[in-house]
Amino acid sequence: MRPAGEPAARPAPFAILPREERLEEALFYLADALGDRRRRGKKAVLLHSLRVGFALLNGGFKEEVVLAGLFHDILEKTTLTPAHIGRRFGSRVAHLVAACTNDNDIADPIARYADSLKRCLRLGSDALAVRAADLIDNSDRVLAYQYTGRVDRVAAKIRLLLEVGRAKLDPRLAAELSQRLRRLGRSKGMRLVARRASGATKAQQRRAGASRQRR
């Protein structure tokens with residue numbers, strides 16, 4: 001319990017933060033880069049990137065990890081390179097972002113993710129933390145919007161990350177990933193039940209229609 005009169009702690013981005021100027025510079029840089037991105041797609045990349053970065057900030061991760069969380073999609077979605085990131089925010093941030101960037105020359109999405117995880121493992125727990133925060137947010141988005149076609153793929157990525165990275169992964173993130181995996185499994189099970197129920201209802205309707213026609 002906090003002492004009387006002491007204000008409640010506020011989660012980022014509403015908290016007063018150390019080195020706010022550095023974070024604000026990164027936010028402007030991110031928004032400017034994504035404003036003219038070459039691959040738009042369906043995902044709101046700026047909002048997703050902000051959620052990943054601030055989740056890491058709220059988790060107490062160091063500045064380089066937070067910045068890498070903000071920038072984790074920037075190389076895939078824009079014409080920027082690791083050199084651009086390094087000159088502005090340092091080589092450590094650039095290396096983390098590069099490790100978390102998928103190689104689009106690899107066609108299979110799970111193989112592509114596995115390749116990125118190998119590079120993250122070489123960099124250690126910081127890169128894995130960014131990968132985990134990204135996957136947690138993607139899971140929440142799939143569940144919130146009921147993207148049925150993506151459940152299996154996201155679940156496969158979680159299992160892979162937990163399998164190869166658990167020893168180096170922050171235990172809090174590992175626990176969150178395990179929770180999302182269970183929720184994705186329940187979501188898939190509920191959809192199967194609903195689909196079967198819908199199929200049974202349609203079959204009953206067809207039989208009732210056929211019966212009326214015979215009359």
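The values are calculated or read from the model by the stated rules, or taken from the named source; none is laboratory data. Here the structure is a predicted model, which means the values were calculated and not measured. Positions of Cβ are backbone-derived with ideal geometry, glycine not excepted, and every protein chain shown enters the neighbour counts.
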Among the residues of the stretch 137-155 satisfying the criterion of being surrounded by 15 or more Cβ atoms within 10 Å (Cβ to Cβ) and small (Gly, Ala, Ser), which is nearest to GLY59 (Cα to Cα)? SER139
Could you say which residue among LEU46, LEU23 is in a helix (DSSP H, G or I), closer than 26 Å to GLN146 by Cβ and at pLDDT below 95? LEU46
Unmet criterion (only one of (1) under 25 Å from ALA33 (Cβ atoms); (2) surrounded by fewer than 16 Cβ atoms within 10 Å (Cβ to Cβ)) for LEU123: (2)
Members of the stretch 160-177 found to be loosely packed, with under 12 Cβ neighbours inside 10 Å and within 16 Å of the chain's Cα centre (by Cα), listed by number: ALA175
Verdict on LEU70 being modelled with pLDDT under 95 and surrounded by 10 or more Cβ atoms within 10 Å (Cβ to Cβ): no
PHE61 passes all but one of (1) out of contact with any Cys (no Cβ under 9 Å at 6 or more places or on another chain); (2) in a helix (DSSP H, G or I); (3) touching a residue at least 60 places away in the same chain (Cβ under 8 Å); which number fails? (2)
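To keep it simple, each residue is scored yes or no on (1) among the hydrophobic types (A, V, I, L, M, F, W, C); (2) in contact with a Leu (Cβ under 7 Å, 6 or more places away or on another chain).
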position	(1), (2)
GLY59	no, no
VAL65	yes, yes
GLU76	no, no
GLY86	no, no
ALA94	yes, no
ALA99	yes, yes
LEU135	yes, yes
ILE158	yes, yes
Being without any contact (Cβ under 8 Å) to a residue 60 or more places away in the chain and hydrophobic (A, V, I, L, M, F, W, C) is the requirement here; does ALA133 meet it? no
Condition (residue is in contact with a Phe, Trp or Tyr (Cβ under 9 Å, 6 or more places away or on another chain), over 21 Å from LEU173 (Cβ atoms) and either of a type in the set (Phe, Trp, Tyr) or in contact (Cβ under 8 Å) with a residue 40 or more places away in the chain (or both)) applied to the stretch 86-103: is it met by at least one residue? yes
Tell me which helices (runs of 4 or more DSSP H) are completely within the stretch 94-167 and hold 3 or more residues being modelled with pLDDT under 95, or say none if there are none. 125-145, 151-165
